[in-house]
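Have a look at the structure below, then the notes.
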Amino acid sequence: MEQDPRFRHLERKIGLFVLVALAGIALVVILLGLQKDMFSVKYTLHFTVDRGTGFAKGMPVKLSGFRIGRVTELTLNDQAMVDVTIEVARKYHKWIRSDSTVKLAKEGLVGDSIVEVAVGSLDKPEIKDGDSLTYEKTKGLDEMADEIAEKVKPMLIEVKEIISYVNNPDGDLKKTVKNLEALTRNLEKTRSSADTLLLGANHNLEGIAQKTTSLLDSTSRKIDGLDLVKLNATLERLPPLLEKTDAAMANITKITDDTRTLSRQAFPLIPGLLSRSEELVLSTDRLMNTLNSSWLLGGQTPPPLERTLKAGDSHD
């Protein structure tokens, strides 16, 4: 007989513990089965792909982002293509129609691969157990990479050409950079020359400022030394003198005009007066010769006098 009270009813306690553990395990299995739709009625569908890359047993099958089943089998057929069998819960059959398609997709950019079933038209017949779905081929990562590479390749070629153009020592860019460097050096020399010129101009301006200051000081002293009373008196005398000068200039101008007018009037008469004067002298000469040869004066007939004057032209 057991004398220790702690070991009384030990078999019952162990049995109760085992029953509780089994009940917990069964509950977990039931919950997992409900979550995985393991206890729901299912039916199978098929589709064929040219490559089995990306497909695996147990991968989820989703409709509109909601899990409706899983991939159960992958087999290679006689045409070297892959037959994929999926198991879908019967309660979702009303959305899978004859025009429904299936494709391989990814959850997000880098998520897990899934089999996505498209919702069919409600006016189309439902897919029955064992029927086939139409597979819609999608581009794999390698194909997408090749397509991106083909699109990026021309850009890379252009970038390479640009880099070659930039690195070409005989290219326009290098020459432009060299010209800019030479221009920068010349600008530095020009700046040095300009600084020297500005310094010289500054010294010259200082000298000019000193001379100007001296000149202004001397002028100020001379102005201060002027007799303002005499200067004012002289300035007061200037207006009458200027009036007299103006009057004299007016008289001189008038005399000049009169002289010019008389000269213009007398000039045409001068040739006639000269001609008449010449004729008068000739007449007088003949009269004197006649008197000298006259018997009244008792003289002899003298030889005729030579003409001392020449007949001139009235215009000479």
Checklist entry - Karplus couplings for region 93-100 from phi (6.51 cos²θ - 1.76 cosθ + 1.60, θ = phi - 60°), rounded to Hz, Gly and Pro as x? => result 5, 5, 9, 9, 10, 5, 8, 5
Item to check | Contour excess over end-to-end distance, with Cα ends at Ile30 and Ser192 and 0.36 nm allotted per residue | outcome: 48.9 nm
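Give me the number: length gained by fully extending Thr72 to Ala145, i.e. 0.36 nm times residue separation minus the C-alpha to C-alpha distance, one decimal in nm.
Contour length minus the Cα-Cα distance gives 23.3 nm.
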Checklist outcome for this item: Residue separation between Val20 and Ala80 times 0.36 nm, minus their alpha-carbon distance, gives in nm 16.3 nm
Checklist entry - Using the C-alpha gyration tensor of region 56-130, what are the square roots of 5 times its eigenvalues, in whole angstrom, with the largest one first? => result 20, 17, 11
Checklist entry - Could you put Glu116, Glu87 in order, starting from the residue whose Cβ has the fewest other Cβ atoms within 10 Å? => result Glu87, Glu116
Checklist entry - Among the lysines, which fall within straight-line cross-link reach of Lys222, defined as a Cα-Cα distance under 16 Å, with same-chain neighbours fewer than 8 residues apart omitted? => result Lys230
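Taking K and R as +1 and D and E as -1, what net charge do the other residues with C-beta under 10 Å from the C-beta of Glu126 add up to?
Charge balance near Glu126 sits at +3.
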Item to check | Straight-distance crosslink candidates among lysines, where the alpha carbon sits under 20 Å from Lys189 and sequence neighbours closer than 8 are dropped | outcome: Lys178
Item to check | Amide H partners (placed H, <5 Å) of Thr138, local residues excluded | outcome: Leu104
Checklist entry - Based on the Cβ-Cβ distance from Glu161 to Asp50, what FRET efficiency comes out when R0 is 35 Å, to the nearest 0.05? => result 0.35
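Here, each number is a calculation from the coordinates, and none is a lab measurement. It should be emphasised that the depicted structure is a prediction, and the values quoted were computed from it without experimental measurement. Methodologically, a virtual Cβ is constructed for each residue, glycine included, from the backbone with ideal geometry; neighbour enumeration extends over all protein chains shown.
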